[in-house]
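All of the numbers you see were taken from the coordinates with simple rules; none came from a lab. The model shown is predicted, which means the values in this text are computed figures rather than measured ones. Please note: Cβ atoms are built from the backbone with ideal geometry, for glycine as well, and neighbour counts cover all protein chains shown.
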Amino acid sequence: MIVAVIHINVTLADWGSVLPELIIAGGMLLLMLVDVFVPGKKVNLTTWLTLIILALAFAASWNLWRTGGMASALYGTVTSDRFAMFFDFSILISAALAVLISPGYISTSAFDSGEYYALILGAVLGMMLMAAGLSLMVLFIALELLSLALYILSGFERFRPRSQEAGFKYFLLSSFASAFLLYGFALLYGVTGSTSLIKISTCLAGHAHGCSAAATSSPLLYIGIGLMLVGFAFKVSIVPFHMWTPDVYEGAPTPVTAFMSVATKAALFAAFIRVFSMSLSTVESHWYGALWALAIATMVVGNIAALAQSNMKRLLAYSGIAHAGYILVAMAANNALGQSAVAFYFLAYTFMNIGAFVFVAYLETTGRAGDEIASYRGIFYRNPALALPMAIFMFSLAGFPPTAGFFAKYVAFQAAVQAGHVDLVVVGVITSLVSVVYYLRVVAVMFLQPAEEAAPVEQPVPPEQPPAVEQVPASAEPVTRPQLPWNIDVGIWTAALGSIVLGIIPTGLLTYASESVTAVRALFGLP
Amino acid sequence: MTVVASIVFYVAAAIAILGGIGVVSARSPMYSGLSLILTLSQLAVLFLLLGAQFIAAAQILIYAGAVMVLFLFVIALLGVEAYPFLGRHLPGQRPLSVALAAILLAGVIFFVAENPRAITGAHSTVLQSGGNVEVFGRQLFTSFFFPFELTAPLLIVAMIGAVALSRSRRGDTNA
């Protein structure tokens, strides 16, 4: 009789390093239970609960950041280094902002709030693991987790054809991309004999036994890198793998679009950097050329296509594609500054991009067609508290100083210059100038005089039930200056404040970003 | 290989090939699906002969069991007779599929002829370390413990999604 004893070598410290993820996973289960056992309307309850769970996860991440975390935990499959934590901050902030603007949408679209928030937390869990994964296995499962949750959320308004189309299109195309990525992972494993990113990097650097000496020149490595590049490029919507983006962004419920436009990209870029810039750094010559071409194509196509958009959500989709191009420039620089630039970019992008979506989401819940740019005519005179922050977001996305967008772009281009890729920077600056046209067009429309035949002042949303707010006396109906619901107020001004503060005093956060990159580079033995 | 093992091998291989022919030649998709189950179950026998007990079990449970049952379910639910276009072939499908199959066969023969050790070598290493199932179990509960646990939230999200998307309109007024 054979007695096999397996010692599972997992300590409390291992669990501690995935504490933020555990909080999110527990929160997901809690929300499901609340959904079942609490009777009646529970939008307020679930919204607050989700915000509290996100805040707890943020606190746990902050604690791990403070102590520096564990370089590798749970058999080297995950890390809690500062790089992962920095991206966690972006992911959690964008999730919190998206949750904050959801109640109005939930009421008007008759969502089941418990399921909706549980799926949001599921996506957050996948994203945080994506940023923290040190093993190809964890990366793939995390990717599936976040993608699956987002497919469902995109099609969550299942009686609106646009939403159905978005969910279905996203599901079909994106699972195809997952297959590409998985095939690439499998080939990379086949060449190097390990699923651990750190072991893969030591194998390719040529000092590891049990690893073929010819690994770096194996044709399978080239094919694997190509397949992984396609997979990542699709998920972060890089040209020419971007075709799904406008349709999905337009069709999905707006808070979901806001969340996924920022957090998915942040998580995927964190993994992209960990796999390509870290693990495959010794074979940079294999993939630099492809990255260069993708960056140029993305910046050019994204910005030019955005010029022709008349729908705000489609415009923001193309603008997101263009921004992915700028981020790719920073990544292609492949130096510490470039990687810090990517980390910083996402923090800035969180505020300015979600801010713009808060604006769209609010106008949609007021019952007017909220995502046609033409319908924004004269909105400044009706509702300056809404139009002013929106102008800030547009300036920031276009990259005007002194906003966060300007500084993020500046650091990204500076890193590329430092690495000697002036060609990328030239294209980046020219396409940024093009982008000014469509961002400023939105601002111009908002500040135009309202047309004579324009409908009267928009109603202050009777169906809107912001969480836990004191009932606003409904008798005061014909207000000339509509009061924003407090959650929209908080969301839009937080985002505006973030967009400005990161632009005026960026040094502190930039230091944090470069600290996080130092941590991840040390993990892979890079200077 | 012992005599018994060779007999088992040839019988299982012959049935697997017959099943494969059945998949492409059967008129009804239902028979195609059933033939595929036959092939997959015989492949499981071949895996057993190679000492890969775990893959054999997984082949039966996952492919012949779960995946193929799903296939047959969908075929039965759709009622294939209602969709006459499903029986039609793409232009040039037959010669193309023969050519692709020939390329695959040539590739496999080439690979085996080049290094026969690649197949037999792995076999003995696995057996020495206590059999396929034990090696697999050890890996699953040590190195791949965390990814394994992570499939739990993945399944929960899939379940929430299935419930949320398939429920009828009546149930969702309690938002």
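Summary table below
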{"read-out": "Dipole magnitude of the protein assembly as shown, debye to nearest 20 (Cβ charges: Lys/Arg +1, Asp/Glu -1, about Cα centre)", "value": "720 debye"}
{"read-out": "Cα-Cα separations in the stretch A:359-442 greater than 16 Å, expressed as whole percent", "value": "60 percent"}
{"read-out": "Which of A:V301, A:A419, A:L291, positive extreme of dipole for chain A (C-beta unit charges)", "value": "A:A419"}
{"read-out": "Backbone N within the stretch B:13-38 under 14 Å of label point (7 Å from B:H89 Cα along the Cβ vector)", "value": "B:24-27"}
{"read-out": "Rounded FRET efficiency, nearest 0.05, which uses the C-beta distance separating A:R66 from A:V429 and R0 of 22 Å", "value": "0.05"}
{"read-out": "Integer Hz, Karplus 6.51/-1.76/1.60 couplings in order for the stretch A:97-108, x for Gly and Pro", "value": "5, 5, 5, 4, 9, 6, x, x, 5, 4, 5, 6"}
{"read-out": "Spacing of the two label points (7 Å from each Cα toward its C-beta) at B:I75 and B:I15, in nm", "value": "1.9 nm"}
{"read-out": "Exercise: per-residue mean of other protein chain Cβ atoms within 10 Å, A:510-519", "value": "0"}
{"read-out": "Helix-derived mean residue ellipticity, 222 nm - over the protein assembly as shown, DSSP H n ≥ 4, -39500 (n - 2.57), to 500", "value": "-24000 deg cm²/dmol"}
{"read-out": "Sequence-distant residues sharing a close amide H with A:V78 (under 5 Å, placed H)", "value": "A:A73, A:L134"}
{"read-out": "3J(HN,Hα) from dihedral phi, the stretch A:326-339, Karplus parametrisation 6.51/-1.76/1.60, rounded to Hz, x for glycine, proline", "value": "4, 5, 5, 4, 4, 6, 5, 4, 6, 10, 4, 5, x, 5"}
{"read-out": "Exercise: per-residue mean of other protein chain Cβ atoms within 10 Å, B:134-146", "value": "5"}
{"read-out": "Separation of alpha-carbon centers, the stretch A:272-296 and the stretch A:366-443, rounded to whole Å", "value": "28 Å"}
{"read-out": "Extended-chain gain in nm, criterion 0.36 nm per residue less alpha-carbon gap, A:Y288 and A:V422", "value": "46.8 nm"}
{"read-out": "Nitroxide proxy distance, nm - points 7 Å out along Cα→Cβ at B:R167 and B:L105", "value": "5.4 nm"}
{"read-out": "Square roots of five times the Cα gyration tensor eigenvalues for the protein assembly as shown, Å", "value": "46, 31, 26"}
{"read-out": "Leading residue at positive end of dipole, chain A (Cβ point charges), from A:N44, A:T195, A:S175", "value": "A:T195"}
{"read-out": "By average C-beta atoms within 10 angstrom, highest first, the peptides A:325-332, B:5-12", "value": "A:325-332, B:5-12"}
{"read-out": "Averaged over A:10-22, number of beta-carbon atoms from partner chains that fall within 10 Å", "value": "1"}
{"read-out": "Sorted peptide list for A:492-503, A:299-310, A:145-156, A:114-125, criterion being average Cβ within 10 angstrom, highest first", "value": "A:114-125, A:145-156, A:492-503, A:299-310"}
{"read-out": "Whole-Å distance, taken between Cα centres, linking the stretch B:1-37 and the stretch A:148-214", "value": "33 Å"}
{"read-out": "In the protein assembly as shown, lysine pairs closer than 17 Å at Cα, eight or more apart or cross-chain", "value": "5"}
